[in-house]
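This report concerns only the one structure given below.
The values are calculated or read from the model by the stated rules, or taken from the named source; none is laboratory data. No experiment lies behind these values; they were computed from the predicted model shown. Cβ placement follows ideal geometry from the backbone for every residue including glycine, while neighbour counts extend to all protein chains displayed. Note: accessible area is taken over every heavy atom of the protein model, side chains too, but ligands, DNA and RNA are not part of it. Shrake-Rupley method; radii C 1.70, N 1.55, O 1.52, S 1.80 Å.
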Amino acid sequence: MYNIRCLQMCVRSWLIHTKFHRIVYQYMRSPESSESKRRMEVLREILKTETDYVSDLERVVEVCLKPLREIAEMRHNILTLAEIRSIFSIIEMIFNVNSTLLNDLKKGFNSSTHTVMIGEKFLRLAPFLRLYTEYINNYNTGLAVLTQCRKRKEFAAFLKLRERTVVMNNLDLTSFLIKPVQRLPRYVLLLTELLKYTPEDHVDYESLTQALNSIQGVADYVNEHKREAEGLLKVVEIQAAMGDSVQLVNPTRRLIRQGDVKEVYSRNKLKDRHLFLFNDLCVVAEKNVRGGLKLSSLL
(Lines give C-alpha, C1' and ligand atoms only; values in the text may rest on other atoms or scores of the structure.)
Protein backbone atom coordinates (compact mmCIF):
# COMPACT_ATOMS: atom_id res chain seq x y z
CA MET A 1 0.00 0.00 0.00
CA TYR A 2 2.81 2.35 0.91
CA ASN A 3 4.53 1.71 -2.42
CA ILE A 4 1.32 2.41 -4.32
CA ARG A 5 0.89 5.76 -2.51
CA CYS A 6 4.46 6.71 -3.27
CA LEU A 7 3.90 5.84 -6.91
CA GLN A 8 0.71 7.91 -6.99
CA MET A 9 2.53 10.88 -5.45
CA CYS A 10 5.32 10.60 -8.00
CA VAL A 11 2.88 10.42 -10.90
CA ARG A 12 0.88 13.35 -9.51
CA SER A 13 4.05 15.41 -9.06
CA TRP A 14 5.18 14.58 -12.60
CA LEU A 15 1.81 15.61 -14.03
CA ILE A 16 1.84 18.93 -12.16
CA HIS A 17 5.42 19.60 -13.24
CA THR A 18 4.60 18.77 -16.87
CA LYS A 19 1.47 20.94 -16.85
CA PHE A 20 3.38 23.86 -15.34
CA HIS A 21 6.06 23.69 -18.01
CA ARG A 22 3.39 23.45 -20.73
CA ILE A 23 1.70 26.62 -19.40
CA VAL A 24 5.02 28.47 -19.23
CA TYR A 25 5.94 27.34 -22.74
CA GLN A 26 2.59 28.46 -24.15
CA TYR A 27 2.91 31.85 -22.42
CA MET A 28 6.44 32.37 -23.72
CA ARG A 29 5.11 31.69 -27.21
CA SER A 30 2.16 34.05 -26.83
CA PRO A 31 1.99 37.53 -28.46
CA GLU A 32 1.42 39.10 -25.03
CA SER A 33 4.76 37.82 -23.80
CA SER A 34 6.51 38.98 -26.96
CA GLU A 35 5.08 42.50 -26.65
CA SER A 36 5.96 42.59 -22.97
CA LYS A 37 9.56 41.66 -23.71
CA ARG A 38 9.82 44.25 -26.46
CA ARG A 39 8.37 46.92 -24.18
CA MET A 40 11.03 46.15 -21.62
CA GLU A 41 13.74 46.38 -24.28
CA VAL A 42 12.54 49.85 -25.31
CA LEU A 43 12.39 50.97 -21.68
CA ARG A 44 15.97 49.84 -21.16
CA GLU A 45 17.04 51.66 -24.31
CA ILE A 46 15.41 54.87 -23.09
CA LEU A 47 17.24 54.61 -19.78
CA LYS A 48 20.60 53.75 -21.39
CA THR A 49 20.49 56.51 -24.01
CA GLU A 50 19.40 59.07 -21.39
CA THR A 51 22.28 57.99 -19.15
CA ASP A 52 24.74 58.40 -22.04
CA TYR A 53 23.22 61.75 -23.02
CA VAL A 54 23.41 63.24 -19.52
CA SER A 55 26.97 61.93 -19.18
CA ASP A 56 27.95 63.74 -22.41
CA LEU A 57 26.34 66.98 -21.21
CA GLU A 58 28.22 66.67 -17.93
CA ARG A 59 31.51 66.37 -19.81
CA VAL A 60 30.84 69.61 -21.67
CA VAL A 61 29.85 71.48 -18.50
CA GLU A 62 32.54 70.17 -16.14
CA VAL A 63 35.50 69.81 -18.52
CA CYS A 64 35.01 72.87 -20.74
CA LEU A 65 32.30 75.33 -19.73
CA LYS A 66 33.00 75.78 -16.01
CA PRO A 67 36.81 76.05 -16.33
CA LEU A 68 36.47 78.60 -19.16
CA ARG A 69 33.97 80.63 -17.15
CA GLU A 70 36.22 80.63 -14.09
CA ILE A 71 39.19 81.77 -16.20
CA ALA A 72 37.10 84.54 -17.77
CA GLU A 73 35.89 85.75 -14.38
CA MET A 74 39.52 86.07 -13.29
CA ARG A 75 40.00 88.28 -16.39
CA HIS A 76 42.49 85.99 -18.07
CA ASN A 77 42.36 86.33 -21.84
CA ILE A 78 41.14 83.02 -23.30
CA LEU A 79 37.45 83.71 -23.99
CA THR A 80 35.18 86.51 -22.85
CA LEU A 81 32.02 85.70 -20.92
CA ALA A 82 30.01 86.84 -23.96
CA GLU A 83 31.86 84.37 -26.22
CA ILE A 84 31.35 81.58 -23.69
CA ARG A 85 27.61 82.31 -23.57
CA SER A 86 27.48 82.30 -27.36
CA ILE A 87 29.35 78.99 -27.74
CA PHE A 88 27.69 77.02 -24.93
CA SER A 89 24.35 78.83 -24.87
CA ILE A 90 22.10 77.26 -22.19
CA ILE A 91 23.59 73.78 -22.29
CA GLU A 92 24.15 73.88 -18.51
CA MET A 93 20.43 74.45 -17.91
CA ILE A 94 19.59 71.57 -20.25
CA PHE A 95 22.06 69.40 -18.33
CA ASN A 96 20.32 70.22 -15.03
CA VAL A 97 16.85 69.49 -16.45
CA ASN A 98 17.86 66.19 -18.00
CA SER A 99 19.76 65.14 -14.88
CA THR A 100 16.46 65.45 -13.00
CA LEU A 101 14.68 63.41 -15.69
CA LEU A 102 17.36 60.71 -15.50
CA ASN A 103 17.05 60.48 -11.73
CA ASP A 104 13.26 60.16 -12.06
CA LEU A 105 13.66 57.40 -14.64
CA LYS A 106 16.08 55.47 -12.42
CA LYS A 107 13.74 55.67 -9.41
CA GLY A 108 10.81 54.26 -11.35
CA PHE A 109 12.76 51.59 -13.17
CA ASN A 110 12.69 47.96 -12.10
CA SER A 111 12.61 44.50 -13.66
CA SER A 112 8.83 44.32 -14.01
CA THR A 113 7.48 45.54 -17.34
CA HIS A 114 4.03 46.22 -15.93
CA THR A 115 5.15 48.52 -13.13
CA VAL A 116 7.58 50.72 -15.09
CA MET A 117 5.76 53.98 -15.80
CA ILE A 118 7.65 56.86 -17.43
CA GLY A 119 4.86 58.90 -19.01
CA GLU A 120 4.48 61.24 -16.04
CA LYS A 121 8.23 61.72 -15.88
CA PHE A 122 8.36 62.91 -19.49
CA LEU A 123 5.29 65.09 -18.91
CA ARG A 124 7.24 66.91 -16.22
CA LEU A 125 9.88 67.61 -18.87
CA ALA A 126 7.36 69.34 -21.16
CA PRO A 127 7.50 72.86 -19.59
CA PHE A 128 11.28 72.91 -20.10
CA LEU A 129 11.21 72.00 -23.80
CA ARG A 130 11.48 75.69 -24.71
CA LEU A 131 15.12 75.43 -23.57
CA TYR A 132 15.78 73.20 -26.57
CA THR A 133 14.15 75.72 -28.90
CA GLU A 134 16.38 78.49 -27.53
CA TYR A 135 19.44 76.25 -27.83
CA ILE A 136 18.80 75.33 -31.47
CA ASN A 137 18.15 78.98 -32.36
CA ASN A 138 21.61 79.89 -31.03
CA TYR A 139 23.45 76.81 -32.30
CA ASN A 140 24.65 78.06 -35.69
CA THR A 141 25.94 81.36 -34.31
CA GLY A 142 27.66 79.58 -31.44
CA LEU A 143 29.41 77.16 -33.78
CA ALA A 144 30.66 80.04 -35.92
CA VAL A 145 32.02 81.81 -32.81
CA LEU A 146 33.72 78.58 -31.68
CA THR A 147 35.44 78.24 -35.05
CA GLN A 148 36.75 81.81 -34.89
CA CYS A 149 37.96 81.42 -31.31
CA ARG A 150 39.89 78.24 -32.18
CA LYS A 151 42.38 80.46 -34.01
CA ARG A 152 43.58 81.92 -30.71
CA LYS A 153 46.62 80.14 -29.32
CA GLU A 154 45.41 80.19 -25.70
CA PHE A 155 42.02 78.70 -26.54
CA ALA A 156 43.52 76.17 -28.96
CA ALA A 157 45.90 75.05 -26.19
CA PHE A 158 43.00 74.79 -23.73
CA LEU A 159 41.05 72.53 -26.11
CA LYS A 160 44.12 70.48 -27.05
CA LEU A 161 44.42 69.32 -23.42
CA ARG A 162 40.79 68.19 -23.40
CA GLU A 163 39.50 67.24 -26.86
CA ARG A 164 39.85 63.66 -28.07
CA THR A 165 40.96 62.46 -24.63
CA VAL A 166 39.46 59.68 -22.52
CA VAL A 167 37.61 62.20 -20.34
CA MET A 168 35.94 63.62 -23.48
CA ASN A 169 35.25 60.15 -24.88
CA ASN A 170 37.77 60.76 -27.71
CA LEU A 171 35.52 63.40 -29.30
CA ASP A 172 35.94 67.11 -29.99
CA LEU A 173 33.79 69.87 -28.50
CA THR A 174 31.58 70.32 -31.59
CA SER A 175 30.57 66.64 -31.37
CA PHE A 176 29.11 67.32 -27.92
CA LEU A 177 27.48 70.67 -28.67
CA ILE A 178 25.22 69.11 -31.32
CA LYS A 179 23.85 66.43 -28.98
CA PRO A 180 20.91 68.52 -27.59
CA VAL A 181 19.91 69.19 -31.22
CA GLN A 182 19.75 65.45 -31.85
CA ARG A 183 18.07 64.40 -28.59
CA LEU A 184 14.45 65.59 -28.95
CA PRO A 185 13.84 63.76 -32.28
CA ARG A 186 15.26 60.66 -30.57
CA TYR A 187 12.70 61.02 -27.76
CA VAL A 188 9.92 60.98 -30.35
CA LEU A 189 11.23 57.76 -31.91
CA LEU A 190 11.68 56.02 -28.56
CA LEU A 191 8.30 57.03 -27.09
CA THR A 192 6.53 56.10 -30.34
CA GLU A 193 8.18 52.67 -30.17
CA LEU A 194 7.24 52.30 -26.50
CA LEU A 195 3.59 53.16 -27.18
CA LYS A 196 3.51 50.49 -29.88
CA TYR A 197 4.16 47.83 -27.21
CA THR A 198 2.07 49.41 -24.44
CA PRO A 199 -1.56 48.12 -24.29
CA GLU A 200 -4.24 50.82 -24.36
CA ASP A 201 -5.53 49.67 -20.98
CA HIS A 202 -2.05 50.03 -19.45
CA VAL A 203 -1.92 52.56 -16.60
CA ASP A 204 0.89 54.47 -18.36
CA TYR A 205 -0.69 54.62 -21.83
CA GLU A 206 -2.48 57.97 -21.48
CA SER A 207 0.50 59.73 -19.89
CA LEU A 208 2.83 58.38 -22.59
CA THR A 209 0.46 59.64 -25.29
CA GLN A 210 0.31 63.12 -23.73
CA ALA A 211 4.09 63.22 -23.29
CA LEU A 212 4.68 62.22 -26.92
CA ASN A 213 2.28 64.91 -28.15
CA SER A 214 4.04 67.53 -25.99
CA ILE A 215 7.48 66.60 -27.28
CA GLN A 216 6.40 66.11 -30.92
CA GLY A 217 5.61 69.78 -31.57
CA VAL A 218 8.97 71.05 -30.31
CA ALA A 219 10.80 68.12 -31.95
CA ASP A 220 9.32 69.02 -35.36
CA TYR A 221 10.72 72.54 -35.00
CA VAL A 222 14.10 71.21 -33.84
CA ASN A 223 14.17 68.65 -36.65
CA GLU A 224 13.82 71.37 -39.29
CA HIS A 225 16.81 73.19 -37.82
CA LYS A 226 18.72 69.97 -37.14
CA ARG A 227 19.50 69.58 -40.84
CA GLU A 228 20.82 73.14 -40.90
CA ALA A 229 22.94 72.50 -37.80
CA GLU A 230 24.40 69.29 -39.22
CA GLY A 231 25.06 71.11 -42.50
CA LEU A 232 26.99 73.83 -40.70
CA LEU A 233 28.91 71.17 -38.77
CA LYS A 234 30.08 69.79 -42.12
CA VAL A 235 31.35 73.25 -43.09
CA VAL A 236 33.25 73.39 -39.78
CA GLU A 237 34.90 70.03 -40.57
CA ILE A 238 36.01 71.30 -43.99
CA GLN A 239 37.34 74.47 -42.37
CA ALA A 240 39.40 72.34 -39.95
CA ALA A 241 40.85 70.35 -42.86
CA MET A 242 41.83 73.51 -44.76
CA GLY A 243 43.16 75.49 -41.81
CA ASP A 244 43.52 79.26 -42.16
CA SER A 245 43.98 79.28 -45.94
CA VAL A 246 40.33 80.34 -46.32
CA GLN A 247 37.50 81.45 -44.04
CA LEU A 248 34.53 79.16 -44.67
CA VAL A 249 32.41 79.12 -41.51
CA ASN A 250 29.36 81.33 -41.78
CA PRO A 251 26.00 80.74 -40.02
CA THR A 252 24.17 80.72 -43.37
CA ARG A 253 26.67 78.72 -45.46
CA ARG A 254 25.80 75.15 -46.47
CA LEU A 255 27.67 72.47 -48.42
CA ILE A 256 25.76 71.32 -51.49
CA ARG A 257 28.22 68.89 -53.07
CA GLN A 258 31.90 67.93 -53.12
CA GLY A 259 34.15 65.66 -55.15
CA ASP A 260 37.48 65.12 -56.87
CA VAL A 261 38.06 66.99 -60.15
CA LYS A 262 40.87 67.60 -62.64
CA GLU A 263 42.15 71.12 -63.21
CA VAL A 264 43.57 71.92 -66.66
CA TYR A 265 46.64 74.15 -66.73
CA SER A 266 49.39 74.94 -69.26
CA ARG A 267 49.63 72.71 -72.36
CA ASN A 268 46.64 70.59 -71.37
CA LYS A 269 48.29 69.19 -68.28
CA LEU A 270 46.03 68.09 -65.44
CA LYS A 271 46.20 68.56 -61.69
CA ASP A 272 44.21 66.69 -59.08
CA ARG A 273 41.87 68.95 -57.15
CA HIS A 274 38.97 68.64 -54.72
CA LEU A 275 35.96 70.88 -55.27
CA PHE A 276 33.52 72.08 -52.59
CA LEU A 277 30.29 73.60 -53.86
CA PHE A 278 28.52 75.71 -51.22
CA ASN A 279 25.26 77.62 -51.51
CA ASP A 280 27.19 80.90 -51.94
CA LEU A 281 30.74 79.86 -52.84
CA CYS A 282 32.81 77.37 -54.80
CA VAL A 283 36.17 76.33 -53.37
CA VAL A 284 38.87 74.46 -55.26
CA ALA A 285 41.38 72.80 -52.95
CA GLU A 286 44.57 70.86 -53.47
CA LYS A 287 45.73 67.99 -51.31
CA ASN A 288 49.08 68.19 -49.57
CA VAL A 289 51.44 65.31 -48.83
CA ARG A 290 49.95 64.85 -45.34
CA GLY A 291 46.45 64.36 -46.71
CA GLY A 292 45.27 67.79 -45.67
CA LEU A 293 43.75 70.44 -47.92
CA LYS A 294 44.78 73.96 -48.88
CA LEU A 295 43.09 76.58 -51.00
CA SER A 296 43.80 76.53 -54.72
CA SER A 297 41.17 79.01 -55.90
CA LEU A 298 37.76 80.54 -55.15
CA LEU A 299 35.06 80.66 -57.82
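For this structure, a couple of remarks:
- Here the gap between Glu237 and Thr141, fully extended at 0.36 nm per residue and compared with their Cα-Cα distance, gives a gain of 33.0 nm.
- Given charges at Cβ of Lys, Arg, Asp, Glu: the stretch 30-181 dipole, positive-most of Thr100, Ile90, Leu43: Ile90
- Modelled label positions at Val284 and Thr133, each set 7 Å beyond Cα in the direction of Cβ, lie 4.7 nm from each other.
- Over all Cα atoms in the stretch 125-209, the spread is summed up by Rg and Dmax: 18.8, 61 Å.
- Largest first, the residues Tyr221, Tyr139, Tyr197 sort by 1.4 Å accessible area into Tyr221, Tyr197, Tyr139.
- The distance between label points at Arg75 and Ile256 comes to 5.0 nm (points 7 Å beyond Cα on the Cα→Cβ vector).
- Sites Lys153 and Lys269, calculated FRET efficiency, Cβ-Cβ separation with R0 41 Å, nearest 0.05: 0.55
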